[in-house]
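Values in this text are rule-based calculations from the coordinates and carry no lab data. These numbers come from a predicted model, not from an experiment. Methodologically, a virtual Cβ is constructed for each residue, glycine included, from the backbone with ideal geometry; neighbour enumeration extends over all protein chains shown.
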Amino acid sequence: MMSALAAQFAQMALVLALAPALTGLTRKMKARLQRRIGPPIIQPYRDLRRLFGKDVVLADNSSWLFRAAPYLIFAATWVAAALVPTFRTGLQFSWAGDLIAIVALLGAARFLQAVAALDTGTSFGGIGASRELMIASLAEPAMIMVVFTVALVAGSTQLSTIAAFMADRGGLRVSLAMALFALVIVALAENSRIPVDNPSTHLEVTMVHEAMVLEYSGRHLAMIQLATSLRLLFYISVIACIFCPFGLITGASGWLGYGVALAAYLLKVIVASLLLATLETAIAKMRVFRVPNLLGIALMLGLLGTLLLFVSRGM
Amino acid sequence: MQIVLAGVAGLLGLSVLALVLFRRRAAAPILYGACLAICLGLSASAALSLSQAASEAVLPLGLPWLGAHFRLDALAAAFLVIINFGAASASLYALGYGRHEAEPARVLPFYPAFIAAMNLVVIADDAYGFLFSWEFMSLTSWALVMARHRVAKTAVAGFVYLIMASFGTLALLFAFGLLAGPQGGYAFAAMRAHPLSPGLAGLALVLAVVGAGSKAGLVPLHVWLPLAHPAAPSHVSALMSGVMTKVAIYAFIRISFDLMGDPGWWWSLPALLLGGATAVLGVLYALMETDLKRVLAYSTIENVGIIFIAIGLALAFKAGGMAGAAALAVTAAVFHAFNHMLFKSALFFGAGTVIVATGEQDMEGLGGLIRRMPVSSAAFLAAAMAASALPPFNGFASEWLIFQSILVSPELPQMGLKLLVPAIGVLLALAAALAAACFVRAFGATYLGRARTAAAAQAHEADRWSLAAMIICATLCLLAGLFPGVVIDWLQPVPTALVAGHMPPQAGIPWLSIVPVSASRSSYNGLLLFSFVAAAACLAVAVLHRFASRIVRRAPFWDCGYPNLGVLAQYSATSLAQPIRRVFADITFAAHEQVDMPAPGDTRAAVLTRYLRDPAWDFIYRPLARALGATATLLNHIQFLTIRRYLSLVFIALVVLLVVLALWG
């Protein structure tokens, strides 16, 4: 009980502390792959600190919703990231929401983000919100189908149970490969990464997420940037915990075990960040109306994975 | 039972009283206040009787050899709560809203009668009483739709509604005829005692789907709903959308689970297929629409689809002998019906306050209302999040239960269902995601941004009664989402009666989580998630304001450095839906845009035209109307025959009827 509670709080602190570093690391690696030097890995922390100290400049006509949204978005994303097993399963509150509920929690954060983007009544907020909603309307069902596939293999939608099952008895399965592929596409879309969106551009023809947060400044912007980093870490943690649960502590363990588990988690995050940077360097961004095709592939893969399992279960 | 009958009699009495009183100014408050009191009482008594044994009563009304049978069992009690709570909140809202009614005499007499009719449908225990109350409900609601009869659109809406309602009643009439059999056992007890042969059961099921589905708004029988619901005054729209569709769902559950006996596995197919199609098409229709009340009406169609998916799953599980899973799906269906009543009422109340405040119900003429109407916009936002199935609100809790019951479906014995159910799961997830887009759009275009018309800029907050009704509904949306276990436990007599199974008791589970099957399988705790998010948000605010900056400066908006482009440059409801229209509606609605760009030097304005097709009208109803017209022209010849030929026609008809009777009996 006590150790589970301690692990829960350690996890909350861990994801919060680690998230900006992940963003910094990805940017650094991408820069190096493009033969640039790139900003230091700790640059996102510096950005956050600088933004925290700045005044908030609010548009004249913005409402209470615009001011409340950054904190709610941050809080929902943080809670979601804190419920994914990173170094051990059976966190104190992991049963508070299964994978469907956690995905829906991120959906609530996105809802608030889109609503806040419309609050000032600018054309850029509208363009970002409308495109984000189009992308989400395909990415969310694809994610649900991935959850279905994984849940049918592990017999549970609880992430802790899934991770423990995968660590013990998770073998190679065609359905799981399909689910992994679909989940990677969904993760790229949900995190506004290339090929769906470009996180480092402010051109109106490409931006989706950046257009939505255009009116934010100061500590509000810092909250949103932190939430964006947390969401990337969340998806990497989910992929790691379902498809690569090695080193995850599932029972009791000593200090050494925790050290190993933590090191394994950090290694997974670094590898994922490297893969993401490579992918973003290797491929180009898609036109906005090509994105539904990509997400349609993810949706179909998720459905096929589920169908395969539904069929094979009955035999 | 006696309380319900007394309440119904009271409501009918109020109707008569309204005929006497309607010229007085105090008539509206007195009548709505009395409706509020009676409905609250009925709702409370139904909630208490849910866990009690079924009670029956026979009154010497209706057909002399049949009498009027009434029965109050768990299913009826659950739906009585939905009906009367919805009616109570609508009456509370109408205490304020009703003052803006131009012709109260066209609303006041029918309103209590409409509520009484819905109550009667649910407690009726014989086909005659059921169909009588059903038709009474249709006609009173038709009268309420026609309350603003001088608006041209209303006449069309009323006409289409009348045709579809009669058609639905006709289908139900035949369904009950089949269920009663040649003996004519029109009491429900007699129908339960005589299960049908598979062929007749299939026919009765199709008729029940058509009859109940046309009232509930199943695609493609939905065409009247987005016309009729918005045409009525807003508190009646809330009643029709939030409550009357539930009566139709009750009718389908009553016939398919109770009266028809043990289901075959294929009974689930129409509910699953039509439910899935209805859920997705309903919300797509909503995304194409710019009239706020019609958006809400289409969203009702979507939610009816979701409830039908859950009913279909329950039928499949019941046929497969999986009582626990069937109980889960039935609970999810009734829970979602309850939730939809709450959030759709709040949303229609919100739309009503917007119309009162601005006189505008097209979203393209609204905007910026959050600053003029802060309280009602907050309530609308909460209800919109509930309708988008987002935690911690109630809509998510019930949809989560439906997802959990889909995940049990690999254990079904039939291969066809195994393949179908995950595809339905995709449709459900798609509908949920599109609903979020739909409500971001509805809330954003109405309440956010800058006012698009002078009327919207001058809007004022609604009166206290309306606000109270909205706040109560929105708060209950949150509470039912935070404590779903309480509602689930309270609903368990329904699956126990219908599918002889129940979900695990939720009361004993630590921390008020809900566990649909077993703890290792899945659990959800809206209260804990909500408290965590609230605590984390408060922590972030406190830390930042204490240790970082707390300064706020006001300035004109930035918009990427563009100067003030004027109000019309902001995204409108139509443009917010453009990406989704392009992706999802190019085939279903044949959506396309045509740009007429003048040549350089030409000073006329560029024109962008948007084309949309309504497949239900274009492919089903217009051809049907044409065919009907052509047939009528052909049959016209019969009007000009000689008396000999008429006599021979009568003789042939008699012989045919006798032959049919001989073959059937």
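A few remarks follow.
- Volume of the convex hull of region A:73-177 (Cα atoms only), normalised per residue: 105 Å³.
- At full extension, B:Leu654 and B:Gln639 could sit 3.4 nm farther apart than now, given 0.36 nm per residue minus the alpha carbon distance.
- Alpha-carbon Debye profile of region A:135-279, log10 I(q)/I(0) at 0.09, 0.12, 0.14 Å⁻¹: -0.34, -0.59, -0.78
- The alpha-carbon of B:Lys246 sits under 26 angstrom from the alpha-carbons of these lysines, leaving out residues fewer than 8 places away in its chain: B:Lys153, B:Lys215, B:Lys293, B:Lys318, B:Lys344.
- Between the listed residues B:His235, B:Val210, B:Thr278, the Cα displaced farthest toward the positive end of the dipole of region B:205-316, a dipole computed from Cβ unit charges relative to the Cα centre, is found at B:His235.
- Annotation: amide H of A:Gly97 within the under-5 Å range of B:Asn525, sequence separation 5 or more or interchain, hydrogens built in the peptide plane.
- Candidates A:Trp255, A:Trp78, A:Trp95: whichever shows maximal mean-square fluctuation once chain A is modelled as a Gaussian network with Cα springs under 10 Å: A:Trp255
- Selected from A:Val288, A:Val146, A:Val15 as most flexible by GNM, with chain A as the system and alpha-carbon contacts under 10 Å: A:Val288
- Counting only alpha carbon atoms, the long axis of helix A:43-53 and the longest principal axis of chain A meet at about 50°.
- Across region A:134-151, rounded Karplus estimates of 3J(HN,Hα) from the backbone phi angles (6.51 cos²θ - 1.76 cosθ + 1.60, θ = phi - 60°) give 4, 5, 5, 5, 9, 5, 5, x, 4, 5, 4, 5, 4, 4, 4, 4, 5, 5 Hz, Gly and Pro being marked x.
- Relative contact order [Cα under 8 Å, 6+ residues apart], region B:462-595, whole percent: 13 percent
- Measuring r between the beta carbons of B:Ala519 and B:Gln594 and using R0 = 41 Å, the FRET efficiency lands at 0.10.
- Remark: chain B carries a charge dipole of roughly 1140 debye about the Cα centre, counting +1 on each Lys and Arg Cβ and -1 on each Asp and Glu Cβ.
- Legend: calculated FRET efficiency, B:Ile551 to A:Ile42, from the Cβ-Cβ distance at R0 = 25 Å, rounded to 0.05, equals 0.45.
- Nearest 10 degrees, 0 to 90: helix A:291-314 Cα axis against chain A principal axis: 20 degrees
- Within the listed set A:Ser130, A:Ser160, A:Ser200, the Gaussian network model of chain A (springs between alpha-carbon atoms below 10 Å) gives the highest mean-square fluctuation for A:Ser200.
- Compared with the dominant principal axis of the Cα atoms in chain A, helix A:2-33 is inclined by about 60°.
- Local net charge near A:Gly24, Cβ-Cβ under 10 Å (Lys/Arg +1, Asp/Glu -1): +2
- Using θ = phi - 60° and Karplus 6.51 cos²θ - 1.76 cosθ + 1.60, couplings along region A:108-113 (whole Hz; Gly, Pro as x): 5, 4, 5, 4, 5, 4
- Net +/- balance of residues flanking B:Leu287 in space, Cβ distance below 14 Å, scoring K and R +1, D and E -1: 0
- Chain B: relative contact order as a whole-number percent, Cα under 8 Å and 6+ apart: 12 percent
- Inter-centroid distance (Cα atoms) of region B:448-485 relative to region B:166-223, Å: 40 Å
- Span-rule helices in chain B, defined as complete DSSP H runs reaching 15 Å or more along the axis (Cα) with Kyte mean at least 1.6: B:2-21, B:27-49, B:74-97, B:110-123, B:152-180, B:268-288, B:415-447, B:464-482, B:526-547, B:643-664
- Overall, chain A carries a charge dipole of about 860 debye about its Cα centre when +1 sits on the Cβ of Lys and Arg and -1 on the Cβ of Asp and Glu, all other atoms neutral.
- The residues neighbouring A:Gln158, those whose beta-carbon lies less than 12 Å from its own, together hold a net charge of 0 under the Lys/Arg +1, Asp/Glu -1 convention.
- Rounded to the nearest 500, the helix-only mean residue ellipticity at 222 nm of chain B stands at -22000 deg cm²/dmol, with each DSSP H run of n ≥ 4 adding -39,500 (n - 2.57).
- Region B:397-486, dipole about Cα centre (Lys/Arg Cβ +1, Asp/Glu Cβ -1), debye to the nearest 20: 280 debye
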